[in-house]
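Asker: Take a look at this one; I'll ask things after.
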Amino acid sequence: MKWGEYEKNYWGKIGENSDDVILNFGTPIDIDYEETCFEMHYNGMDVLCYSNGTTYLADIFDSNLRFGILNIGVGSPRKLVESIFVFKKRIIDVGENEYGIVDGINTVVFEYDQDDKVKRMYISRWYY
């Protein structure tokens, strides 16, 4: 994936806005409202939205949500993930057991467990 994006449609799978997320995953378990945003909670995923409903951050901890041709997601081996994104711009301000990259206009951070498998994925619309 040296050229172009690994996954061209992260938000198409999650939802471009809160209505799309509800269509894709059903009614959230809970919604937390703030002044300028709100967070929808599901079993396996939390999605932050601007007050207008546009999604901007997804915290994924469900192994059923997969991305790209190699179906990476929670449970994927560290070696596979890092080999896919080896030529991508790295995000250097991440935790010790995390790997962050820029994929197109999105940033993706993978958090690993003690077995070097993806424990969580954080996908955001902004560029670090």
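Asker: Identify, from the list Val102, Val94, Val108, Val118, the residue that is crowded, with 16+ Cβ neighbours inside 10 Å and under 20 Å from Glu39 (Cα atoms).
Answerer: On the way: Val102 fails: under 20 Å from Glu39 (Cα atoms); Val94 fails: under 20 Å from Glu39 (Cα atoms); Val118 fails: under 20 Å from Glu39 (Cα atoms).
Just one listed residue meets the conditions, Val108.
Asker: Check the stretch 5-12 and report whether any residue there is at pLDDT 90 or above and surrounded by 13 or more Cβ atoms within 10 Å (Cβ to Cβ). Before you say what the answer is, go through the steps one by one.
Answerer: Taking the stretch 5-12 first, the residues at pLDDT 90 or above are 10-12.
Restricting the remaining residues to those that are surrounded by 13 or more Cβ atoms within 10 Å (Cβ to Cβ) gives 10-11.
Yes, that holds for at least one residue.
Asker: Something else about it: For residues that are of a type in the set (Gly, Ala, Ser), in contact with an Asp or Glu (Cβ under 9 Å, 6 or more places away or on another chain) and outside any strand (DSSP E or B), scanning just the stretch 51-74, find the one that is farthest from Tyr6 (Cα to Cα).
Answerer: The residue in question is Ser51.
Asker: I would also like to ask the following. I'd like the full set of residues that are of a type in the set (Lys, Arg) and in a helix (DSSP H, G or I), limited to the stretch 1-42.
Answerer: Answer for the stretch 1-42, where residues must be of a type in the set (Lys, Arg) and in a helix (DSSP H, G or I): just Lys13.
Asker: Hey, another quick one. Given the conditions (1) among the charged types (D, E, K, R); (2) closer than 15 Å to Met121 by Cβ; (3) not in a helix (DSSP H, G or I), report the number of the one that Glu82 does not fulfil.
Answerer: (3) is the only condition that Glu82 fails.
Asker: Which members of the stretch 67-83 meet the condition of being within 11 Å of the chain's Cα centre (by Cα) and either among the aromatic types (Phe, Trp, Tyr) or modelled with pLDDT under 95 (or both)?
Answerer: Residue satisfying the conditions is Phe67 alone.
Asker: Let me ask something additional. Among the candidates Tyr122, Tyr99, single out the residue that is of a type in the set (Phe, Trp, Tyr), closer than 22 Å to Lys8 by Cβ and either out of contact with any Asp or Glu (no Cβ under 8 Å at 6 or more places or on another chain) or in contact (Cβ under 8 Å) with a residue 24 or more places away in the chain (or both).
Answerer: Tyr122
The values are calculated or read from the model by the stated rules, or taken from the named source; none is laboratory data. Just so we're clear, the structure is a prediction, and the values are computed from it rather than from any experiment. We place every Cβ from the backbone using ideal geometry, glycine too, and count neighbours over all the protein chains shown.
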